[in-house]
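First the structure, in the form of structure tokens, and then the observations on it.
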Amino acid sequence: MLELKAITKRYSAIPAVRNVSFVLKPGEITGYLGPNGAGKSTTIKMMAGLLDPTKGEILYRGHPIHSNLFAYKSIIGYVPEQSEVYRHLSAWDYLFMVGRLRGLSDRLLRAKVTDLMSFFGLSAEMDMAMASYSKGMVQKVLIASALLHDPEVLLLDEPLSGLDVTTALVIKDLLMLLARERKIIIYSSHILEVVEKVCSRVIIIDRGIISADDSVENLSRLMNLPSLEEIFSRLVVRGDPESTARGIVKSIRRES
């Protein structure tokens, strides 16, 4: 179990996350939603041990993660929102570097990296420098690096960014299989229809504060709304999107 207890993160005097608490359980895929700047990536970076909370604590199996951060990081897989890789390296060399840091043997790495590159359709390009890769290709390498050591916890921040439709479908099926293996999974995304299909529970954050935490079915019933998109709009969207879209069309058609 991974638990956030009254987590607050401030940058100078500005709170990015305010008094956030929730528990992630094994076997559950939790969607983490919110508009840009809501605090999603900041929360996940704190869960990954990359940022320290200003207040509050994060517990894994009842113990603060910072009491043994090295051990905690060894059991998590993290896909960041931004593609942070050493682009002068090939995918093969990058994954070997990550795997060795994870303590995997070269023999095991050769098998795992070969398999993963094949599954992600990168076998022919795995010896090329990632500087020549498309965004989607780099994203596949990031996902592979997060999975290499068979982590207990998966922290996914916009994992489908740049991926083709086929790979996105594979990732959705993969997450459901991993959930059945009792992994702890948090999935942050702007693609609401994907979250609605794969997540058993949804947390919505707005301006650093949790505004909803429940299953999509319960939220739909309580709010009398048929879809996650409409639930999200009711809770966090300010203004009228349709009216804004019409205003944009009117502006771009302006001739003088």
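Data for the structure
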read-out: Ile209 being within 25 Å of Gly49 (Cα to Cα) and in contact with an Asp or Glu (Cβ under 7 Å, 6 or more places away or on another chain); value: no
read-out: Condition check for Ser145: in contact with a Leu (Cβ under 7 Å, 6 or more places away or on another chain), under 26 Å from Leu69 (Cβ atoms) and among the hydroxyl-bearing types (Ser, Thr, Tyr); value: yes
read-out: Condition met for Ser83 (among the small types (Gly, Ala, Ser) and touching a Ser or Thr at 6+ places or on another chain (Cβ under 9 Å)); value: yes
read-out: The range 8-33 - residue that is modelled with pLDDT under 90 and in contact with a Ser or Thr (Cβ under 8 Å, 6 or more places away or on another chain) and, of those, farthest from Ile210 (Cα to Cα); value: Pro15
read-out: Top-ranked residue in the range 151-171 [being more than 14 Å from the chain's Cα centre (by Cα) and among the acidic types (Asp, Glu); ranked as farthest from Leu122 (Cα to Cα)]; value: Glu152
read-out: Ser215, sole failed condition from (1) buried (at least 19 other Cβ atoms within 10 Å of the Cβ); (2) hydroxyl-bearing (Ser, Thr, Tyr); (3) under 18 Å from Glu28 (Cα atoms); value: (1)
read-out: Matching helices (runs of 4 or more DSSP H) fully within the range 7-103 where at least 1 residues are surrounded by fewer than 19 Cβ atoms within 10 Å (Cβ to Cβ) and among the hydrophobic types (A, V, I, L, M, F, W, C); value: 69-73, 91-101
read-out: Qualifying residue in the range 137-144 (condition: touching a helix residue (DSSP H, G or I) at 6+ places or on another chain (Cβ under 7 Å), surrounded by fewer than 16 Cβ atoms within 10 Å (Cβ to Cβ) and more than 26 Å from Pro35 (Cα to Cα)); value: no
read-out: Residue check, Ser83 within 17 Å of the chain's Cα centre (by Cα), polar (S, T, N, Q) and modelled with pLDDT under 95; value: yes
read-out: Subset of the range 73-121 [in contact with a helix residue (DSSP H, G or I) (Cβ under 7 Å, 6 or more places away or on another chain), more than 18 Å from Ser132 (Cβ to Cβ) and of a type in the set (A, V, I, L, M, F, W, C)]; value: Val79, Phe96, Val98, Leu109, Val113, Leu116
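The values are calculated or read from the model by the stated rules, or taken from the named source; none is laboratory data. Computed from a predicted model, the values in this text were never measured in an experiment. All Cβ positions, glycine included, derive from the backbone under ideal geometry; neighbour counts span all protein chains shown.
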